[in-house]
Structure formats: structure tokens, C-alpha cells
Amino acid sequence: MSLPLNDFRHEFEKVCQQCGRDPHSITLVAVSKKQPLSKIHEAYREKQYDFGENYIQEALEKQNALQLPGIRWHMIGPVQTNKINKILGKFVLIHSVDSFHIAEEINKRAERDGLKVPVLLQLNLAHEETKSGQTKEKLLSQWDQYKKLSALQIEGLMTMPPLQEDPEKSRPYFQELRKLAKQLGLQQLSMGTSSDWKVALEEGATLIRVGTSVFGERST
Ligand SMILES: *Cc1c(COP(=O)(O)O)cnc(C)c1O
């Protein structure tokens, strides 16, 4: 096949072995934003079932076009309040709940529809102006309120460290995310992309979000 997915898988197995992780305990979310349907279908035929999308409209169109048994869609991009109705029930996991406000809004609609919505809370650990996500301080101060949102199933945390050439620079952020999750009693850690997934695995990631290393370059 023409996708880099197989090469990625070999590398993944190797890294898991090196850091003593069971590969089955980690979900590879293949980030398919701006990738054509044909490539997603090709990955699916190779038994890749988890896909991550950033843009709601694009994601819904792809879901419609690719109604394949067992396929699982993850929302990893920003969720606007006015789009919540469209995404409820369409994703196995929303990784990108980036404020208490959005959490409340999802909860409100989920309660109305009698749904339980599995989510991760997105952290902006480096306090970057340009990135979405809440700071650790904010999350800690709002945690008691988060816990009252009964239609949300808060499974863990997600982060996207500052983009840097050296993947080692992501390590402190991954460590911080892991500590925070532990402190809050949360299991899932969504961290690591094409540039730093190996470090993320070493630091305990349970979901890695990898785009270009499994599909090749994105079209813009
Ligand atoms: C695009 C994206 C990824 C994947 O990035 P790659 O560098 O292609 O692996 C992962 N997470 C988020 C939130 C993204 O937006």
C-alpha cells in the first residue's frame, strides 16, 4: 500500500517494546483532517479504525461518505457552541473541550437528549495565546464544577505542546499532563503527534494523534 501507515506501525511496535508499553493499551488516532476519502478508506482496509478530525463540517461530510462498520471518529479540533447539536452522538470521544463554558454547553444539550458524552479536557500548559485549551490553574479551580456536569463522562486530558523541532522539549508538558490527570483521578492521556509521539508513549500516552506520519502530507 502507498500509505506510510505500515512503516509507522513497525516503529510504533518497536517504541512500545523499548519503553515497556503494551501496544494494545494505546489507541492510535489517525488524524485525517485535509486527507482525501480514498486515503481514509485505504487505512480502514488496513484495519485502522480510529480517525481524528478537526473541522466539524469536514468531519460530518466524511462520516456521511464513509459509513463503514466499526469506524470510530474522534473530534480533536475546537468546538464552537453553535455546532454542539451537530456533533452530539457522532464521535466516540471529544478530545478538545477547551473551556468550562463549552463543557457546560455540551452537558446541557446532552442532558436534554439523554446522552452521556465521553470527553477529554484540553490543556494549554504553556499558556500560549494562540492555542486553545485551559490553563492548569483554571482547570483546578473549576474542577468541582466540572464534576457536577452529569451528562459528561470526563475520561482524561489532552494537550498540544508548543511546536518545536526537538521532541524532547515536549516531555515536560507530557509529564505535567500525566501528573495532573493522576491528581484528578483521570485515566486517559491524549498526547503526541507526528513530531513527538515517541516521547508521549514514554510518558504514558493512552491516545496518540498522528496525521502526516500515517497518511503523508495534508492538502491545504
Ligand atoms: C493536526 C493535528 C494533529 C496531527 O498532527 P501531525 O503533525 O499531522 O501528526 C494532532 N492533534 C491535533 C489537535 C491536530 O490539530
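The values are calculated or read from the model by the stated rules, or taken from the named source; none is laboratory data. None of these values were measured; they are calculated from a predicted model. Every residue, glycine as well, gets a Cβ built from its backbone with ideal geometry; the counts of neighbours run over all protein chains shown. All accessible areas refer to the heavy atoms of the entire protein, side chains included, with ligands and DNA or RNA removed. Shrake-Rupley method; radii C 1.70, N 1.55, O 1.52, S 1.80 Å.
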Pairwise label distance in nanometres, GLU11 with THR212, each label 7 Å out on the Cα-Cβ vector: 1.1
Share of carbon and sulfur in the accessible heavy-atom surface of the chain [1.4 Å probe, %]: 47
At most 13 other Cβ within 10 Å, DSSP loop - trypsin sites (Lys or Arg not before Pro), the stretch 102-185: LYS116, LYS148
Residues with amide H under 5 Å from that of LEU93, placed H, sequence gap 5 or more: MET75
Candidates per GluC sites (Glu not before Pro) in the stretch 100-205, loop by DSSP, up to 11 other Cβ within 10 Å: GLU129, GLU165
Cα gyration tensor shape of the chain, rounded if a/c is under 1.5, else prolate or oblate by comparing a/b with b/c: oblate
Separation of alpha-carbon centers, the stretch 1-40 and the stretch 136-197, rounded to whole Å: 21
Label point distance in nm, GLN80-LEU163, each placed 7 Å from Cα along Cα→Cβ: 2.2
Estimated vicinal HN-Hα couplings, Hz - the stretch 26-38 in sequence order (Karplus 6.51, -1.76, 1.60; Gly, Pro = x): 10, 9, 7, 8, 7, 7, 9, 4, 6, 10, x, 3, 4
Computed accessible area, ASP7, all protein chains, 1.4 angstrom probe, square angstrom: 110
